[in-house]
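The values are calculated or read from the model by the stated rules, or taken from the named source; none is laboratory data. Quick caveat: nothing in here was measured; it's all calculated off a predicted structure. For neighbour counting, all protein chains shown are included, and Cβ atoms are generated from backbone atoms with ideal geometry for every residue, glycine included. Accessible surface areas use protein heavy atoms only, side chains included; no ligands, DNA or RNA. Shrake-Rupley method; radii C 1.70, N 1.55, O 1.52, S 1.80 Å.
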Amino acid sequence: MIKSENCSFQYNGTDTKALKSLNITVNPGECVVLCGKSGCGKTTLTRLVNGLSPSFFYGELEGSCATFGLQVGRAAIEDYVPVVGSVFQNPKTQYFNVDTTAELAFPCENMGMPSARIKERVAECAAEFGIEYLLDRSIFRLSGGEKQRIAFAAACMLKPQLLVLDEPTSNLDYKAIAHLHDMIAKKKAEGTTIIIAEHRLAWISDIADRYCFFENGTLKGQWSADDFRKLPVETLQSMGLRPLDISPYHRQAVEKSKNRPAGDSPVIRAENLSVGYGKNSPVYYVPDFEIHKGEIVGLMGHNGVGKSTLAKTLCGLLKPVSGVIAPAKDKDRIRHSFMVMQDVNYQLFSDSVREEVLLGAANPEMCDEVLAALGLLEMSDRHPMSLSGGQKQRVAIACAMLSGKEFIVLDEPTSGLDYYHMTQVAQLLSKLKEQNTAVLVITHDEELAAGWCDRVIYLDDKEK
């Protein structure tokens, strides 16, 4: 199915190889999980397997990597289309249409199928995955989990023999993850080969056949699923990996929702608040709350419940539909707030990592300290857009650290991060707390909420 021999790859404009002398074989029908710290080479391997490198992500290739006999660097990228389906970390980066039905139809149209057959295939695929209710919908009106389900279904439209998924659950709540799990399990039961690059390991443990651990571009170890499940939690953590059982963390996060605020003078307070993009758009009602200096508050709830909309409102980027926020003026909230967005590509502007974190920095003398703490110092001269998703996330967090704002909102700051870098982010949040900063963390990461938040606000009781 897949065979790599002494395969190395180095992206243009970088000083080190992303993959080094890789030898790996994937057999038909296997589900192989690629794991390791951010930037270890997982995504690069997926791009070689589906032909995106070096045809789209340019670089220097050594050795060989073949998928169904298609030699990477020699076969045309269109030759991969009928046999490999891909699902990316951010589904928005792979959409070609603005409505769901057209998005599902696109792969078949691209292959020149007759119109009648395309309609039949869309109906078949929607029924197969139980997403009929998502047809004829605007892509922009879907939740994160719904977008990922559409992306997965689109990847299956041509009935590929191989599915490649790169961090598919990084921004999903546990319900959306459960839906995606069932879709993947269905394809595996049909004999489809599956490769998943993933940090959140718990959800896939019953489907995986083999785990491949990467470190600094090198394949360091392989385990069968049974052997991998026997590894102690401490061993996984030392490798920078997430646990295979997150139920204890879920229970702790729920307990923290019972905690009361600490302090007398809130930095921000909301009463009878409803938020949205206008009265004609979905409006979300928010329970009364306040956030004080020197505390870390987790904001949790399922995809589409309004967490990011609330965060933008609290930072003054949106006006509330109704209710009271203190400070009342949008410009006052903007002046005192810093928001790290869920999709950090929208807020990276400079030509190097160092320039980016110094842009608007109130404490520039701490630049190297913060970059080192986030593992970014060695790449401080690289362009931010050349980094991996997890590395970009850390750049945006470094910007927040140096901003000197009294209220910092982080929207999914640990999405796409391994255990090691998740704890680094958490430790920096604790430093903000020590500086008497108020921190609101929008997250689905129950490890982060359980271990590092002082209390948790749920926007949807069903989440508990």
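For the stretch 183-303, the tally of Lys pairs with Cα-Cα distances below 27 Å comes to 7, considering only residues 8 or more apart or on different chains. Annotation for the stretch 122-210: GluC sites (Glu not before Pro) lying in DSSP loop with at most 12 further Cβ atoms inside 10 Å of their Cβ are 190. Taken over the stretch 1-127, lysine pairs spaced eight or more positions apart, or on distinct chains, with alpha carbons under 24 Å apart number 11.
Applying the Karplus relation 6.51 cos²θ - 1.76 cosθ + 1.60 with θ = phi - 60° to the stretch 299-306 yields 3J(HN,Hα) values of 10, 10, x, 6, 4, x, 8, x Hz, where x marks Gly and Pro.
Would you count, across the stretch 295-419, every pair of lysines whose alpha carbons are under 18 angstrom apart, provided the pair is eight or more residues apart or spans two chains?
Numbers: 307/319; 312/329; 312/331; 312/405; 319/329; 319/331; 329/405; 331/405.
Summing the qualifying lysine pairs gives 8.
If amide hydrogens are placed 1.01 Å from N in the peptide plane, which non-local residues have theirs closer than 5 Å to the one on residue 137? Under 5 Å from the amide H of residue 137 lie the amide H atoms of 100, 101, each far enough along the sequence or on another chain.
Calculated mean residue ellipticity at 222 nm for the chain: -9500 deg cm²/dmol, from DSSP H runs with n ≥ 4 weighted as -39500 (n - 2.57), summed, divided by the residue count and rounded to 500. Taken about its Cα centre, the chain carries a charge dipole of about 560 debye when Lys and Arg each add +1 at the Cβ and Asp and Glu each add -1 at the Cβ.
Whole-Hz Karplus values for the stretch 444-456 come out as 9, 7, 6, 5, 5, 4, 5, x, 10, 8, 6, 7, 10 Hz, taken residue by residue from phi with 6.51 cos²θ - 1.76 cosθ + 1.60 and θ = phi - 60°; glycine and proline positions read x.
For chymotrypsin sites (Phe, Trp or Tyr not before Pro), the sites in the stretch 1-94 that DSSP calls loop and that have at most 11 other Cβ atoms within 10 Å are 56, 58. Spin-label model, residue 277 to residue 322: label points 7 Å out along the Cα-to-beta-carbon direction sit 2.2 nm apart.
Of all accessible surface on the stretch 1-94 at a 1.4 Å probe, what whole percent is carbon and sulfur?
On the way: 1920 of 4020 Å².
Here it works out to 48 percent.
For percent of Cα pairs over 45 Å apart, the candidate list reads (1) 11; (2) 17; (3) 14; the entry that matches the value derived from this model is (1).
Classification of the stretch 337-418 by its C-alpha gyration tensor yields a rounded form. The axis ratio a/c (a ≥ b ≥ c) stays under 1.5. In the stretch 202-255, what trypsin sites (Lys or Arg not before Pro) fall in a loop by DSSP, with at most 11 other Cβ atoms inside 10 Å? Passing sites in the stretch 202-255 are 230.
Decide, for the stretch 139-265, between rounded, prolate and oblate: order the square roots of the alpha carbon gyration tensor eigenvalues as a ≥ b ≥ c, take rounded if a/c falls under 1.5, and otherwise choose prolate if a/b is larger than b/c, else oblate. Note, shape of the stretch 139-265 comes out oblate. For a test of the definition: using alpha carbon positions, the gyration tensor, and the 1.5 limit on a/c, classify the stretch 1-90 as rounded, prolate or oblate. Rounded is the answer for the stretch 1-90, as its axis ratio a/c remains below 1.5. Heavy-atom accessible surface of the chain, averaged per residue, reaches 42 Å², computed with a 1.4 Å probe.
The phi-based Karplus calculation (6.51 cos²θ - 1.76 cosθ + 1.60; θ = phi - 60°) puts the 3J(HN,Hα) values of the stretch 81-91 at 4, x, 10, 10, x, 10, 10, 8, 4, 10, x Hz, whole numbers, x for Gly and Pro. Structural descriptor for the chain: relative contact order 17 percent, calculated from alpha carbon pairs under 8 angstrom and at least 6 residues apart.
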